[in-house]
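Enquirer: Here it is: the structure, laid out below.
The values are calculated or read from the model by the stated rules, or taken from the named source; none is laboratory data. Values in this document were obtained by computation on a predicted structure and should not be read as measured data. Cβ placement follows ideal geometry from the backbone for every residue including glycine, while neighbour counts extend to all protein chains displayed. Remember, those area values only see protein heavy atoms, side chains included, never the ligands or the DNA or RNA. Shrake-Rupley method; radii C 1.70, N 1.55, O 1.52, S 1.80 Å.
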Amino acid sequence: AGTAAVSAAGGSDASAASVSTAQLFHTDTGVRTGKNVMLIHGWTCDSHDWSWQLPVLEKSYRVVAVDLRGHGRSQVMPNGAYAPDHYLADVEALIETRYPGQKFILVGHSMGAQIAVRLSAKRPDLVSGVVSIDGSLGFSSDLIPVFQKTTDDLNAGDPGVVGAALFEAFYDPATPAAFKRWHARRLQGMPLQVVRESFGPLFLGPAQVGAGAASEAFCRRLSVPVYHLCRFPEQAAAMGKWFSNPKSKVEHWTRAC
């Protein structure tokens, strides 16, 4: 087991502009002879979210659990540095710097899953497969106005209040009150630019791949195997036809926290 931070020069976005990478905190545990698995948390979360899965995965795999920029114990970057390509560049640099010549199964939750599939599209040589848990992909275009309102509310109001209310809309009835409080308090302690800047680009703008036709077109271009767990049955039914790799699979789950 161990902890580390890494920083490397790197860049990747649609305009080919340079992206400065952040120092990322991560842990490296498990079986060194097993397959490489990287766990990527969701929006306003951190790698502590995988505490329940780590003891199980470590028995069979080498497991790297990372805190994304501005989250957890990783470096906080200045304003304007929290688009998906910034997060992608950090993870890409981490793999290339600390694990040269190796490939990872990327397991992502929510925003982390979108980062994972974006990296798999750009660098399939680094990714052997993606597990997307309630990933920020495949949402109906009907939800774009909701995502726009959330983005506007985050910018105009208190992100700690707006974000917590957004979480409430997605909790399962069985979610423990302690989890809700944990998520809300962590959100309230995050830098404002991280919370405000990272949500909108997942679903809004010309480079988004989270909703509507743009998300479908993006998913159809993926070559690596993708296992995607959906919250909504109609979403799972539609997305099941999008992935070309024969090992890909989309399923609907009925309970989520």
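Enquirer: Residues in segment 182-232 that are free of Cβ contacts under 8 Å to residues at least 40 places away in the same chain, in a helix (DSSP H, G or I) and more than 21 Å from Val131 (Cβ to Cβ): how many?
Expert: Qualifying residue count for the region: 7.
Enquirer: Which residue, of Ser74, Ser60, Ser51, Ser47, is without any contact (Cβ under 8 Å) to a residue 12 or more places away in the chain and of a type in the set (Gly, Ala, Ser)? I'd like the intermediate steps shown before the answer.
Expert: Values: Ser74 fails: without any contact (Cβ under 8 Å) to a residue 12 or more places away in the chain; Ser60 fails: without any contact (Cβ under 8 Å) to a residue 12 or more places away in the chain; Ser47 fails: without any contact (Cβ under 8 Å) to a residue 12 or more places away in the chain.
Going through Ser74, Ser60, Ser51, Ser47 in turn, just one is without any contact (Cβ under 8 Å) to a residue 12 or more places away in the chain and of a type in the set (Gly, Ala, Ser): Ser51.
Enquirer: Those residues that are in a helix (DSSP H, G or I), within 27 Å of Val226 (Cα to Cα) and either aromatic (Phe, Trp, Tyr) or in contact (Cβ under 8 Å) with a residue 24 or more places away in the chain (or both), I need them from segment 139-181; list them, please.
Expert: Answer for segment 139-181, where residues must be in a helix (DSSP H, G or I), within 27 Å of Val226 (Cα to Cα) and either aromatic (Phe, Trp, Tyr) or in contact (Cβ under 8 Å) with a residue 24 or more places away in the chain (or both): Ser141, Leu143, Ile144, Phe147, Phe167, Phe170.
Enquirer: Filter segment 122-175 for residues that are acidic (Asp, Glu), open to solvent by less than 50 Å² (accessible area, probe 1.4 Å) and either under 19 Å from Arg220 (Cβ atoms) or more than 16 Å from the chain's Cα centre (by Cα) (or both) and give the result.
Expert: If the condition is that a residue be acidic (Asp, Glu), open to solvent by less than 50 Å² (accessible area, probe 1.4 Å) and either under 19 Å from Arg220 (Cβ atoms) or more than 16 Å from the chain's Cα centre (by Cα) (or both), then Asp172 is the only one that fits.
Enquirer: Report the residue count in segment 24-48 for those that are surrounded by fewer than 17 Cβ atoms within 10 Å (Cβ to Cβ), modelled with pLDDT of 95 or more and farther than 20 Å from Ala113 by Cβ.
Expert: Looking only at that region, the number is 1.
Listed here are the residues, each with its yes/no results for (1) within 18 Å of the chain's Cα centre (by Cα); (2) modelled with pLDDT under 95; (3) open to solvent by 10 Å² or more (accessible area, probe 1.4 Å).
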{"residue": "Phe199", "(1), (2), (3)": "yes, no, yes"}
{"residue": "Ala207", "(1), (2), (3)": "yes, no, yes"}
{"residue": "Gly212", "(1), (2), (3)": "no, no, yes"}
{"residue": "Ser215", "(1), (2), (3)": "yes, no, no"}
{"residue": "Arg220", "(1), (2), (3)": "no, no, yes"}
{"residue": "Tyr227", "(1), (2), (3)": "yes, no, yes"}
{"residue": "Phe232", "(1), (2), (3)": "no, yes, yes"}
{"residue": "Trp242", "(1), (2), (3)": "no, no, yes"}
{"residue": "Lys247", "(1), (2), (3)": "no, no, yes"}
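Enquirer: Could you pull out the residue among Glu96, Glu58, Glu92 that is crowded, with 21+ Cβ neighbours inside 10 Å and not aromatic (Phe, Trp, Tyr)?
Expert: Values: Glu96 fails: crowded, with 21+ Cβ neighbours inside 10 Å; Glu58 fails: crowded, with 21+ Cβ neighbours inside 10 Å.
Every option except Glu92 fails the conditions.
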